[in-house]
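What follows is a set of notes on a single structure, which appears directly below.
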Amino acid sequence: MQRVSGHAQILKVTEAHDLVRAEPEVTGLLVVDLDGAQPGEAEDLAAAVASTPCVVVGVAERPTGAPPLDLLLSAGDADQPWRPSPEGLDAALATVADAVDRYPQAATVLAQVLRLGRGRSLDECLTIESLAYATLQSGPEHQAWLHGRSPKPPSPTQEPVAIERQGDVVVVTLQRPEVRNAVDAATRDGLVAAFDVAARAGLDVELRGAGPDFCSGGDLAEFGTTPDPATAHLVRSTRSPARALAASAHRATAHVHGACIGAGIELAALAHRVVAREDAGFRLPEVVMGLIPGAGGTATIPRRIGPQRTAWLALTGTPLDAPTARRWNLVDTVESV
């Protein structure tokens, strides 16, 4: 395994290609120096590792182009798909390496899912994500997280989703503020019903959250409660808020504020327009649970910020503030509180 820990082991593109050719089952983290790479070399490497179970990170002091590796880190300012590393490349690599070392299965599956999603339809990407998520649900990393957490009792809410028609607009509001609008099964079903109504009537959609936070992600009280991963996948296939919203996404605006974690940005990112309050904060925490984003994030977020920056957010769980989210095009507008 080529990995980064206290000391970075960074290979030239040709060295990485030779390694993969000699050891096609290389796993872990493969770090490649893209400075000075010849035209086409990074693309050839990406093709060689397409089915390889490892995370491939390209680094550069002077980034150029958009090589299709899993993650691209630059030393300074850089445009998409590169992720600027103001903390320095060594620190950024150490953060990625730590995630891959601690959660190798989730990290690797995340990279594979994002690779598979390139150029595919939203529906295909959602199916790929759900199948991968189901696989990880029964894996040792997620099971260890389940056994190590403090169980939380469910928090019943009478109407988790409010639906109000205002002219040609359906206003859909998450209203579980006591749990930061965490998405449970009832909320999921309420969102699907609301988006189906909007699609059938040809109405615009406004998505909002009641209380101090837009949405803190999936309700942790329900993690591990599905009968089995296969059933959970089939439920996601028919009861996916992202799939339901897709029909109206071109007419949808998401208004986000406070915590926008996991599902709180995965679903909102699908909207044609995302308006963020300046106090909004974004994070994808699933890898530390032994999972990948499961509310559509590997399908929706790359369409806004690219798969490489999505990989950074999901691998590291690094928070993203509203101004940075605007620079990355994760949101379209930032408004004052």
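Things worth noting here:
- Number of positions in region 160-201 that are assigned to a strand (DSSP E or B) and touching a strand residue (DSSP E or B) at 6+ places or on another chain (Cβ under 7 Å): 11
- Strands (runs of 3 or more DSSP E) (entirely within region 24-104) containing at least 3 residues that are of a type in the set (A, V, I, L, M, F, W, C) and under 18 Å from THR14 (Cα atoms): 28-33, 54-60
- Restricting region 148-188 to residues that are farther than 18 Å from ALA210 by Cβ and touching a residue at least 24 places away in the same chain (Cβ under 8 Å) leaves a set whose member that is farthest from the chain's Cα centre (by Cα) is ASP168.
- Within region 85-114, the set of residues being in contact with a helix residue (DSSP H, G or I) (Cβ under 7 Å, 6 or more places away or on another chain) and either surrounded by 22 or more Cβ atoms within 10 Å (Cβ to Cβ) or of a type in the set (A, V, I, L, M, F, W, C) (or both) comprises VAL96, ALA99, VAL100, TYR103, ALA106, ALA107, VAL109, LEU110, ALA111, VAL113, LEU114.
- Unmet criterion (only one of (1) surrounded by fewer than 22 Cβ atoms within 10 Å (Cβ to Cβ); (2) touching an Asp or Glu at 6+ places or on another chain (Cβ under 8 Å); (3) assigned to a loop (DSSP other than H, G, I, E, B)) for LYS152: (2)
- Residue in region 223-234 that is within 21 Å of TRP145 (Cβ to Cβ), among the polar types (S, T, N, Q) and buried (at least 20 other Cβ atoms within 10 Å of the Cβ) present: no
- Test: residue in region 57-80 that is in contact with a strand residue (DSSP E or B) (Cβ under 7 Å, 6 or more places away or on another chain), surrounded by fewer than 15 Cβ atoms within 10 Å (Cβ to Cβ) and farther than 24 Å from VAL287 by Cα: yes
- Test result for VAL109, assigned to a strand (DSSP E or B), under 19 Å from the mean Cα position of the chain (by Cα), within 30 Å of GLN137 (Cα to Cα) and β-branched (Val, Ile, Thr): no
- Test: ALA210 is touching a strand residue (DSSP E or B) at 6+ places or on another chain (Cβ under 7 Å), buried (at least 23 other Cβ atoms within 10 Å of the Cβ) and modelled with pLDDT of 95 or more: no
- Close pairs from region 27-43: first touching a residue at least 12 places away in the same chain (Cβ under 8 Å), partner among the charged types (D, E, K, R) and assigned to a strand (DSSP E or B), Cβ under 7 Å, at least 6 apart: ASP33/LYS12
- Identity of the residue in region 277-317, within 20 Å of GLU141 (Cα to Cα) and among the polar types (S, T, N, Q), that ends up surrounded by the fewest Cβ atoms within 10 Å (Cβ to Cβ): THR316
The values are calculated or read from the model by the stated rules, or taken from the named source; none is laboratory data. Predicted model, so just to flag it, every value in this text is computed and none were measured. So basically every Cβ, Gly included, is an ideal-geometry build from the backbone, and we count neighbours across all protein chains shown.
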